[in-house]
1. Quick check on ILE19: is it modelled with pLDDT of 95 or more and assigned to a strand (DSSP E or B)?
2. Does any residue of region 172-186 turn out to be among the small types (Gly, Ala, Ser), part of a loop (DSSP other than H, G, I, E, B), touching a residue at least 24 places away in the same chain (Cβ under 8 Å) and under 20 Å from THR241 (Cβ atoms)?
3. Out of PHE53, PHE63, PHE77, I need the residue that is modelled with pLDDT under 95, touching a helix residue (DSSP H, G or I) at 6+ places or on another chain (Cβ under 6 Å) and under 25 Å from VAL170 (Cα atoms). Which one?
4. Out of all the residues in region 105-126, which are surrounded by 23 or more Cβ atoms within 10 Å (Cβ to Cβ) and touching a Phe, Trp or Tyr at 6+ places or on another chain (Cβ under 8 Å)?
5. I'm told ILE224 meets every condition in (1) in a helix (DSSP H, G or I); (2) in contact with a helix residue (DSSP H, G or I) (Cβ under 7 Å, 6 or more places away or on another chain); (3) of a type in the set (A, V, I, L, M, F, W, C) except one. Can you identify the failing condition by its number?
6. Kindly provide the set of residues from region 243-276 that are under 19 Å from ALA171 (Cβ atoms) and not in a loop (DSSP other than H, G, I, E, B), ordered by number.
7. Could you please let me know if ALA129 is surrounded by 13 or more Cβ atoms within 10 Å (Cβ to Cβ), at pLDDT 95 or above, touching a Ser or Thr at 6+ places or on another chain (Cβ under 7 Å) and assigned to a helix (DSSP H, G or I)?
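The values are calculated or read from the model by the stated rules, or taken from the named source; none is laboratory data. All values derive from a computational prediction rather than experimental measurement. Glycine also receives a Cβ, built like all others from the backbone with ideal geometry; neighbour counts cover every protein chain displayed.
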Amino acid sequence: MSWTNKHLLGLEGVGRDEILTVLDTAAKFREVLDRPVKKVPTLRGVTIVNLFFEASTRTRMSFELAEKRLSADTLNFSASTSSVKKGETLRDTARNIEAMMVDMAVIRHSSPGAPHFLTQHLDVSIINAGDGAHEHPTQALLDLFTMRDHIGDLAGKRVTIVGDIVHSRVAKSDAWGLAALGADVTFCGPTTFMPAEVERLGVTVTSDIHEATHDADVVNILRIQKERQEGGFLPSLREYTRLFGIDQARLAEMRPDVLIMHPGPINRGVELAPDVADGERSVILDQVTNGVAVRMAIIYLLSRVRAQERIEEPEILAEVGL
(Lines give C-alpha, C1' and ligand atoms only; values in the text may rest on other atoms or scores of the structure.)
Protein backbone atom coordinates (compact mmCIF):
# COMPACT_ATOMS: atom_id res chain seq x y z
CA MET A 1 0.00 0.00 0.00
CA SER A 2 1.72 3.17 -1.21
CA TRP A 3 -0.77 5.73 0.12
CA THR A 4 0.95 7.83 2.80
CA ASN A 5 -0.92 11.16 2.55
CA LYS A 6 -2.79 12.52 5.53
CA HIS A 7 -5.11 14.57 3.28
CA LEU A 8 -6.63 14.40 -0.19
CA LEU A 9 -6.52 17.97 -1.49
CA GLY A 10 -6.14 17.31 -5.22
CA LEU A 11 -4.56 14.99 -7.77
CA GLU A 12 -1.86 17.38 -8.98
CA GLY A 13 1.41 15.75 -7.93
CA VAL A 14 -0.21 12.45 -6.86
CA GLY A 15 1.71 9.58 -8.42
CA ARG A 16 0.64 6.53 -10.37
CA ASP A 17 1.24 4.07 -7.51
CA GLU A 18 -0.82 6.15 -5.10
CA ILE A 19 -3.72 6.40 -7.55
CA LEU A 20 -3.60 2.68 -8.24
CA THR A 21 -3.67 2.03 -4.49
CA VAL A 22 -6.91 4.01 -4.27
CA LEU A 23 -8.42 2.21 -7.27
CA ASP A 24 -7.41 -1.24 -6.06
CA THR A 25 -8.79 -0.51 -2.59
CA ALA A 26 -11.99 0.80 -4.12
CA ALA A 27 -12.38 -2.45 -6.05
CA LYS A 28 -12.50 -4.32 -2.73
CA PHE A 29 -15.14 -1.97 -1.39
CA ARG A 30 -17.10 -2.24 -4.64
CA GLU A 31 -17.43 -5.96 -3.85
CA VAL A 32 -18.76 -5.05 -0.40
CA LEU A 33 -21.48 -2.91 -1.99
CA ASP A 34 -22.71 -5.93 -3.95
CA ARG A 35 -23.28 -7.95 -0.79
CA PRO A 36 -26.69 -8.35 0.89
CA VAL A 37 -25.20 -6.56 3.94
CA LYS A 38 -23.37 -3.53 2.56
CA LYS A 39 -21.70 -2.43 5.78
CA VAL A 40 -18.35 -3.18 7.42
CA PRO A 41 -17.19 -2.19 10.94
CA THR A 42 -13.95 -0.67 9.67
CA LEU A 43 -14.26 2.87 11.07
CA ARG A 44 -16.32 2.24 14.17
CA GLY A 45 -15.50 5.05 16.60
CA VAL A 46 -14.22 7.43 13.90
CA THR A 47 -16.11 10.72 13.50
CA ILE A 48 -16.32 12.50 10.14
CA VAL A 49 -17.85 15.91 9.48
CA ASN A 50 -19.18 16.91 6.06
CA LEU A 51 -18.68 20.65 5.57
CA PHE A 52 -20.68 21.67 2.51
CA PHE A 53 -20.64 25.39 1.78
CA GLU A 54 -22.05 24.81 -1.73
CA ALA A 55 -25.09 22.92 -2.93
CA SER A 56 -24.48 19.27 -3.78
CA THR A 57 -26.53 16.13 -4.36
CA ARG A 58 -24.34 13.29 -5.68
CA THR A 59 -21.10 14.18 -3.90
CA ARG A 60 -22.66 14.86 -0.53
CA MET A 61 -24.89 11.78 -0.53
CA SER A 62 -22.03 9.64 -1.81
CA PHE A 63 -19.74 10.74 1.03
CA GLU A 64 -22.48 10.29 3.63
CA LEU A 65 -23.23 6.80 2.36
CA ALA A 66 -19.54 5.87 2.18
CA GLU A 67 -19.07 6.94 5.80
CA LYS A 68 -22.10 4.97 6.96
CA ARG A 69 -21.01 1.88 5.00
CA LEU A 70 -17.72 2.07 6.94
CA SER A 71 -19.61 2.42 10.29
CA ALA A 72 -18.22 5.90 10.99
CA ASP A 73 -20.13 8.48 13.02
CA THR A 74 -21.06 11.44 10.82
CA LEU A 75 -21.91 15.10 11.28
CA ASN A 76 -23.51 17.02 8.43
CA PHE A 77 -22.97 20.77 8.16
CA SER A 78 -24.94 23.09 5.89
CA ALA A 79 -23.84 26.70 5.53
CA SER A 80 -27.40 27.87 4.95
CA THR A 81 -28.48 26.79 8.45
CA SER A 82 -25.26 27.51 10.35
CA SER A 83 -23.54 30.37 12.14
CA VAL A 84 -21.86 31.26 8.85
CA LYS A 85 -25.08 33.18 8.17
CA LYS A 86 -24.24 35.25 11.26
CA GLY A 87 -20.73 36.09 10.05
CA GLU A 88 -18.66 33.23 11.49
CA THR A 89 -15.45 32.60 9.53
CA LEU A 90 -14.48 29.31 7.91
CA ARG A 91 -11.58 28.96 10.34
CA ASP A 92 -13.77 29.50 13.42
CA THR A 93 -16.48 27.18 12.12
CA ALA A 94 -13.95 24.42 11.48
CA ARG A 95 -12.10 24.86 14.78
CA ASN A 96 -15.33 24.71 16.76
CA ILE A 97 -16.26 21.48 15.00
CA GLU A 98 -12.75 20.09 15.61
CA ALA A 99 -13.23 20.85 19.32
CA MET A 100 -16.02 18.28 19.24
CA MET A 101 -13.25 15.69 18.64
CA VAL A 102 -13.81 14.83 15.00
CA ASP A 103 -11.19 12.86 13.09
CA MET A 104 -11.79 13.83 9.47
CA ALA A 105 -13.48 16.62 7.51
CA VAL A 106 -14.90 16.57 4.00
CA ILE A 107 -15.23 20.07 2.58
CA ARG A 108 -16.86 21.61 -0.48
CA HIS A 109 -16.35 25.36 -0.83
CA SER A 110 -16.67 27.98 -3.54
CA SER A 111 -13.20 29.38 -2.81
CA PRO A 112 -10.20 27.63 -4.41
CA GLY A 113 -7.74 26.61 -1.70
CA ALA A 114 -10.26 26.34 1.15
CA PRO A 115 -9.27 22.69 1.93
CA HIS A 116 -5.58 23.66 1.90
CA PHE A 117 -6.37 26.53 4.30
CA LEU A 118 -7.99 24.13 6.77
CA THR A 119 -4.92 21.87 6.84
CA GLN A 120 -2.98 24.83 8.27
CA HIS A 121 -5.39 25.29 11.17
CA LEU A 122 -6.82 21.87 12.01
CA ASP A 123 -5.31 18.59 13.17
CA VAL A 124 -7.73 16.40 11.21
CA SER A 125 -7.54 14.72 7.83
CA ILE A 126 -9.09 16.91 5.11
CA ILE A 127 -10.79 15.63 1.94
CA ASN A 128 -11.46 18.10 -0.85
CA ALA A 129 -15.00 17.57 -2.18
CA GLY A 130 -14.59 20.43 -4.67
CA ASP A 131 -13.03 23.87 -4.16
CA GLY A 132 -14.20 26.50 -6.60
CA ALA A 133 -12.88 25.86 -10.09
CA HIS A 134 -9.69 24.30 -8.70
CA GLU A 135 -10.01 20.52 -8.16
CA HIS A 136 -12.48 17.75 -7.39
CA PRO A 137 -10.19 14.77 -6.71
CA THR A 138 -12.74 12.16 -5.63
CA GLN A 139 -14.81 12.76 -8.78
CA ALA A 140 -11.69 12.24 -10.87
CA LEU A 141 -10.82 9.06 -8.98
CA LEU A 142 -14.28 7.60 -9.53
CA ASP A 143 -13.97 8.56 -13.20
CA LEU A 144 -10.65 6.70 -13.40
CA PHE A 145 -12.13 3.71 -11.58
CA THR A 146 -15.07 3.57 -14.00
CA MET A 147 -12.83 3.86 -17.05
CA ARG A 148 -10.47 1.15 -15.83
CA ASP A 149 -13.39 -1.11 -14.93
CA HIS A 150 -14.69 -0.92 -18.51
CA ILE A 151 -11.55 -0.65 -20.67
CA GLY A 152 -8.70 -1.88 -18.47
CA ASP A 153 -5.26 -0.29 -18.19
CA LEU A 154 -5.53 3.40 -19.10
CA ALA A 155 -1.97 3.74 -20.42
CA GLY A 156 -2.21 4.92 -24.03
CA LYS A 157 -6.00 5.26 -23.95
CA ARG A 158 -7.52 8.38 -25.52
CA VAL A 159 -9.81 10.40 -23.26
CA THR A 160 -11.63 13.51 -24.48
CA ILE A 161 -13.19 15.99 -22.06
CA VAL A 162 -15.77 18.26 -23.68
CA GLY A 163 -17.28 21.46 -22.37
CA ASP A 164 -16.80 24.19 -19.81
CA ILE A 165 -13.17 23.55 -18.91
CA VAL A 166 -12.44 26.97 -17.44
CA HIS A 167 -15.03 26.60 -14.68
CA SER A 168 -14.52 22.86 -14.18
CA ARG A 169 -12.72 21.41 -11.19
CA VAL A 170 -13.45 17.93 -12.57
CA ALA A 171 -11.53 18.54 -15.82
CA LYS A 172 -8.40 19.60 -13.98
CA SER A 173 -8.42 16.68 -11.57
CA ASP A 174 -9.20 14.27 -14.42
CA ALA A 175 -6.27 15.64 -16.41
CA TRP A 176 -3.81 15.16 -13.55
CA GLY A 177 -5.06 11.67 -12.74
CA LEU A 178 -5.19 10.48 -16.36
CA ALA A 179 -1.70 11.81 -17.02
CA ALA A 180 -0.37 9.89 -14.01
CA LEU A 181 -1.84 6.69 -15.46
CA GLY A 182 -0.42 7.33 -18.94
CA ALA A 183 -3.60 8.27 -20.82
CA ASP A 184 -3.70 10.82 -23.65
CA VAL A 185 -6.09 13.64 -22.79
CA THR A 186 -7.82 16.11 -25.11
CA PHE A 187 -9.81 19.15 -23.99
CA CYS A 188 -12.51 20.27 -26.43
CA GLY A 189 -14.74 23.31 -26.26
CA PRO A 190 -15.06 26.96 -27.24
CA THR A 191 -11.84 28.95 -26.84
CA THR A 192 -13.61 31.07 -24.21
CA PHE A 193 -13.96 27.88 -22.12
CA MET A 194 -10.23 27.16 -22.01
CA PRO A 195 -8.25 28.37 -18.98
CA ALA A 196 -5.16 30.50 -19.54
CA GLU A 197 -2.86 27.87 -17.98
CA VAL A 198 -4.28 24.95 -19.97
CA GLU A 199 -0.89 24.06 -21.53
CA ARG A 200 0.63 23.17 -18.18
CA LEU A 201 -1.94 20.40 -17.79
CA GLY A 202 -0.20 18.50 -20.60
CA VAL A 203 -3.36 18.07 -22.69
CA THR A 204 -4.20 18.52 -26.36
CA VAL A 205 -6.60 21.41 -26.94
CA THR A 206 -9.05 21.71 -29.84
CA SER A 207 -12.35 23.37 -30.76
CA ASP A 208 -13.14 20.72 -33.37
CA ILE A 209 -15.57 18.23 -31.80
CA HIS A 210 -15.11 15.66 -34.57
CA GLU A 211 -11.32 15.75 -34.27
CA ALA A 212 -11.58 15.41 -30.50
CA THR A 213 -14.02 12.51 -30.35
CA HIS A 214 -13.83 10.34 -33.49
CA ASP A 215 -11.13 7.98 -32.14
CA ALA A 216 -11.57 8.53 -28.38
CA ASP A 217 -11.93 5.58 -26.03
CA VAL A 218 -13.79 7.77 -23.54
CA VAL A 219 -15.74 11.00 -23.98
CA ASN A 220 -16.43 12.77 -20.70
CA ILE A 221 -18.97 15.57 -21.12
CA LEU A 222 -18.99 18.44 -18.63
CA ARG A 223 -22.02 20.36 -17.46
CA ILE A 224 -22.52 23.86 -18.82
CA GLN A 225 -22.51 25.78 -15.55
CA LYS A 226 -25.32 28.23 -16.22
CA GLU A 227 -24.74 29.93 -12.88
CA ARG A 228 -21.23 30.95 -14.01
CA GLN A 229 -22.07 32.28 -17.48
CA GLU A 230 -22.53 35.96 -16.62
CA GLY A 231 -19.19 36.80 -18.28
CA GLY A 232 -20.48 36.22 -21.81
CA PHE A 233 -18.57 32.98 -22.42
CA LEU A 234 -21.24 31.78 -24.87
CA PRO A 235 -23.44 33.52 -27.45
CA SER A 236 -26.27 31.12 -26.49
CA LEU A 237 -26.89 27.63 -25.17
CA ARG A 238 -28.48 26.72 -28.50
CA GLU A 239 -25.27 27.64 -30.32
CA TYR A 240 -23.22 25.57 -27.87
CA THR A 241 -25.47 22.55 -28.39
CA ARG A 242 -25.17 22.86 -32.18
CA LEU A 243 -21.37 22.95 -32.06
CA PHE A 244 -20.48 20.77 -29.06
CA GLY A 245 -23.56 18.87 -27.89
CA ILE A 246 -23.42 15.06 -28.07
CA ASP A 247 -26.47 13.58 -29.80
CA GLN A 248 -27.04 10.33 -31.67
CA ALA A 249 -25.68 11.75 -34.95
CA ARG A 250 -22.45 12.81 -33.28
CA LEU A 251 -22.24 9.54 -31.33
CA ALA A 252 -22.45 7.65 -34.64
CA GLU A 253 -19.21 9.34 -35.74
CA MET A 254 -17.35 7.90 -32.74
CA ARG A 255 -15.95 4.45 -32.06
CA PRO A 256 -18.71 1.88 -31.51
CA ASP A 257 -17.23 0.97 -28.11
CA VAL A 258 -16.74 4.55 -26.84
CA LEU A 259 -17.67 5.23 -23.21
CA ILE A 260 -19.90 8.25 -22.56
CA MET A 261 -19.42 9.82 -19.14
CA HIS A 262 -20.75 12.87 -17.30
CA PRO A 263 -20.08 14.01 -13.71
CA GLY A 264 -23.64 15.35 -13.35
CA PRO A 265 -25.99 17.00 -13.03
CA ILE A 266 -26.84 16.77 -16.75
CA ASN A 267 -28.41 19.63 -18.69
CA ARG A 268 -30.42 17.30 -20.91
CA GLY A 269 -30.68 18.60 -24.44
CA VAL A 270 -27.79 21.04 -23.96
CA GLU A 271 -24.45 19.24 -23.58
CA LEU A 272 -25.93 15.75 -23.88
CA ALA A 273 -29.04 14.42 -25.61
CA PRO A 274 -31.35 12.36 -23.36
CA ASP A 275 -31.14 9.24 -25.55
CA VAL A 276 -27.33 9.36 -25.38
CA ALA A 277 -27.32 9.92 -21.62
CA ASP A 278 -29.56 6.88 -21.19
CA GLY A 279 -28.05 4.85 -24.04
CA GLU A 280 -25.99 1.67 -24.04
CA ARG A 281 -22.67 3.52 -24.31
CA SER A 282 -23.41 5.62 -21.23
CA VAL A 283 -21.75 4.65 -17.93
CA ILE A 284 -23.04 7.68 -16.01
CA LEU A 285 -24.92 5.67 -13.39
CA ASP A 286 -21.89 3.39 -13.00
CA GLN A 287 -19.95 6.51 -12.06
CA VAL A 288 -22.45 7.25 -9.30
CA THR A 289 -22.30 3.71 -7.90
CA ASN A 290 -18.51 3.61 -8.10
CA GLY A 291 -18.30 6.95 -6.34
CA VAL A 292 -19.39 5.37 -3.06
CA ALA A 293 -16.69 2.67 -3.29
CA VAL A 294 -13.98 5.19 -4.22
CA ARG A 295 -14.90 7.48 -1.35
CA MET A 296 -14.93 4.53 1.03
CA ALA A 297 -11.40 3.75 -0.17
CA ILE A 298 -10.16 7.31 0.36
CA ILE A 299 -11.67 7.55 3.84
CA TYR A 300 -10.22 4.16 4.75
CA LEU A 301 -6.72 5.01 3.49
CA LEU A 302 -6.65 8.36 5.28
CA SER A 303 -7.82 6.68 8.48
CA ARG A 304 -4.91 4.23 8.18
CA VAL A 305 -2.45 7.10 7.97
CA ARG A 306 -4.00 8.73 11.05
CA ALA A 307 -3.90 5.43 12.94
CA GLN A 308 -0.22 4.93 12.11
CA GLU A 309 0.52 8.44 13.36
CA ARG A 310 -1.06 7.73 16.72
CA ILE A 311 -1.18 4.07 17.75
CA GLU A 312 -0.48 0.66 16.35
CA GLU A 313 -3.17 -0.01 13.76
CA PRO A 314 -5.67 -2.75 14.71
CA GLU A 315 -6.64 -5.53 12.37
CA ILE A 316 -9.41 -4.07 10.24
CA LEU A 317 -10.94 -5.08 6.97
CA ALA A 318 -9.50 -8.59 6.90
CA GLU A 319 -12.88 -9.75 5.73
CA VAL A 320 -12.53 -7.85 2.42
CA GLY A 321 -8.93 -8.86 1.85
CA LEU A 322 -7.11 -5.59 2.67
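1. Details: modelled with pLDDT of 95 or more: yes; assigned to a strand (DSSP E or B): no.
Considered against the rule, which asks whether it is modelled with pLDDT of 95 or more and assigned to a strand (DSSP E or B), ILE19 comes out as no.
2. First, the residues of region 172-186 that are among the small types (Gly, Ala, Ser): 173, 175, 177, 179-180, 182-183.
Right, trim to part of a loop (DSSP other than H, G, I, E, B) and you get 182-183.
Narrowing further to those that are touching a residue at least 24 places away in the same chain (Cβ under 8 Å): 182-183.
Still in the list and also under 20 Å from THR241 (Cβ atoms): none.
No.
3. On the way: PHE63 fails: modelled with pLDDT under 95; PHE77 fails: touching a helix residue (DSSP H, G or I) at 6+ places or on another chain (Cβ under 6 Å).
Sole residue among the options that is modelled with pLDDT under 95, touching a helix residue (DSSP H, G or I) at 6+ places or on another chain (Cβ under 6 Å) and under 25 Å from VAL170 (Cα atoms): PHE53.
4. VAL106, ILE107, ARG108
5. All conditions are met except number (1).
6. Step one: of region 243-276, the residues under 19 Å from ALA171 (Cβ atoms) are 243-246, 258-267, 270-272.
LEU243, PHE244, ILE246, LEU259, ILE260, MET261, LEU272, listed by residue number.
7. Values: surrounded by 13 or more Cβ atoms within 10 Å (Cβ to Cβ): yes; at pLDDT 95 or above: yes; touching a Ser or Thr at 6+ places or on another chain (Cβ under 7 Å): yes; assigned to a helix (DSSP H, G or I): no.
No; evaluated as a whole, the condition is false for this residue.
The rows are residues; the columns are (1) of a type in the set (A, V, I, L, M); (2) assigned to a loop (DSSP other than H, G, I, E, B); (3) surrounded by fewer than 16 Cβ atoms within 10 Å (Cβ to Cβ).
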{"position": "LYS38", "(1), (2), (3)": "no, yes, yes"}
{"position": "LEU43", "(1), (2), (3)": "yes, yes, no"}
{"position": "VAL49", "(1), (2), (3)": "yes, no, no"}
{"position": "ALA55", "(1), (2), (3)": "yes, yes, yes"}
{"position": "SER71", "(1), (2), (3)": "no, yes, yes"}
{"position": "LEU75", "(1), (2), (3)": "yes, no, yes"}
